[in-house]
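Just so it is clear, none of the values below were taken in a lab; they were calculated from the coordinates. Treat the numbers as computed from the prediction; the structure is a model and nothing was measured. Cβ coordinates were reconstructed from backbone atoms using ideal geometry, including for glycine residues, and neighbour counts include every protein chain displayed.
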Amino acid sequence: MRSYDLESLAANDSYKLITGVVQPRPIAWVSTVSASGVRNLAPFSFFTIASRDPVTLFLSIGATGRPGHTVKDTLANVLATGELVVNIVSVPSLGSVVVSSAEVPEHVDEFEYAGLDAVSCQDVAPPRVAQALVAIECRLDQVRRIGTDTAVFARAVRLHAADGVVDAAHHVDSAVLRPVGRTAGATYCADAAVLPSPPVPRWPYPQEVSPA
Ligand SMILES: Cc1cc2nc3c(=O)[nH]c(=O)nc-3n(C[C@H](O)[C@H](O)[C@H](O)COP(=O)(O)O)c2cc1C
């Protein structure tokens, strides 16, 4: 085994290591609107579920090197409006997702830039991506600055799913959704092999002890 001192490694090397081992990561394709009403769209793979109840999502937004800017448009919009929509990335959308990751000026409508259609949401102002099979309307819960990045916690209030994605028992059909994951570097995965779970052991607690 080889070990790496992540605190003394160059930041770009520890970034390569950590994003190479924490994978595959789901991708939040985040739509927001600016205070002046410009629609913005960008993908974030530092993304997961922060809590199941209340349903809360987590994403992490890094710094931007864009001239004249300290924060990415997504973060500026979330801080200004408190609202965002997390669209889920399916295989056919990958090309548009990558287009929407371009660092463009804040006055550019990124739905138009990426050639995507917008659909109004029900509870929040940002639109969802028409081409996405799933979209989750969210309201900002809290942000926390951690070093160069900003951790965003967002309360999920409504989920839209295209026909065939969710069944009557609320089970999601992965073969229909075909979610894309980010792997090491600029690579992606989809349609992963599905492995059945090995048996989960049951600890023989006495009857009167209820597990925490
Ligand atoms: C698949 C993918 C995942 C990304 N994940 C992140 C991420 O987790 N955090 C981040 O700050 N940037 C991430 N980026 C880069 C942003 O999408 C990019 O900086 C974008 O221009 C930000 O747009 P905005 O200024 O409109 O918010 C990712 C890019 C791609 C293509």
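How would you order 32-44, 183-195 from highest to lowest mean count of nearby Cβ atoms within 10 Å? Numbers along the way, then the final one.
Working: 32-44: 19.2, 183-195: 10.5.
Sorting 32-44, 183-195 by mean packing, highest first, produces 32-44, 183-195.
If packing is taken as the average number of other Cβ atoms within 10 Å across a peptide's residues, how do 162-174, 131-143 rank, most packed first? Intermediate values should be presented prior to the final figure.
Details: 162-174: 11.2, 131-143: 19.9.
Highest-to-lowest ranking by the protection proxy: 131-143, 162-174.
For S45, what charge total do you get from the other residues with a beta carbon under 9 Å from its beta carbon, if Lys and Arg give +1 and Asp and Glu give -1?
Working: positive: R25, R182; negative: none.
Counting the neighbours of S45, the net charge comes to +2.
Rounded to whole Hz and in sequence order, give me ³J(HN,Hα) for region 51-56 from the Karplus expression 6.51 cos²θ - 1.76 cosθ + 1.60, θ = phi - 60°, writing x for Gly and Pro.
These are the phi-based 3J(HN,Hα) values: 7, 8, 8, x, 4, 9 Hz.
If amide hydrogens are placed 1.01 Å from N in the peptide plane, which non-local residues have theirs closer than 5 Å to the one on N87?
W29, V30, S31, I136
Amide H of D141: which non-local residues (sequence gap of 5 or more, or other chain) have their own amide H closer than 5 Å, using H built in the peptide plane?
Close amide H contacts, sequence-distant or interchain: F153, A154, R155.
Using the alpha carbon gyration tensor of region 84-156, what are the three equivalent-ellipsoid semi-axes (square root of 5 times each eigenvalue), largest first, in whole Å?
On the way: eigenvalues 92, 57, 31 Å².
They are 21, 17, 13 Å, listed from largest to smallest.
Points 7 angstrom from Cα along the Cβ direction at S14 and V91: gap in nanometres?
My value for the distance between the label points is 3.8 nm.
Determine ³J(HN,Hα), in whole Hz, for all residues of region 103-114 in sequence, where each value follows from phi through the Karplus function 6.51 cos²θ - 1.76 cosθ + 1.60 and θ = phi - 60°; x replaces Gly and Pro.
7, 10, x, 5, 7, 7, 6, 7, 5, 5, 4, 8
Using the Karplus equation 6.51 cos²θ - 1.76 cosθ + 1.60 (θ = phi - 60°), what ³J(HN,Hα) coupling, rounded to whole Hz, does each residue of region 5-15 give in order, writing x for Gly and Pro?
Values, residue by residue: 7, 5, 7, 10, 5, 4, 3, 5, 6, 5, 4 Hz.
Check which residues have an amide H placed less than 5 Å from C121's amide H, if you skip close sequence neighbours.
Residues meeting the criterion, in which the H sits 1.01 Å from N, are R128.
Rule-of-thumb check for the chain: C-alpha Rg over 2.2 N^0.38 Å?
Working: Rg = 19.0 Å, N = 212, 2.2 N^0.38 = 16.8 Å.
Expressed relative to 2.2 N^0.38 Å, the Cα Rg reads 1.13.
When the Cα atoms of region 161-209 are enclosed in a convex hull and the volume is divided per residue, what value in Å³ results? Before the final figure, lay out the partial values.
Numbers: hull volume 9.1 nm³, N = 49.
Considering the Cα atoms of region 161-209, their hull volume per residue is 186 Å³.
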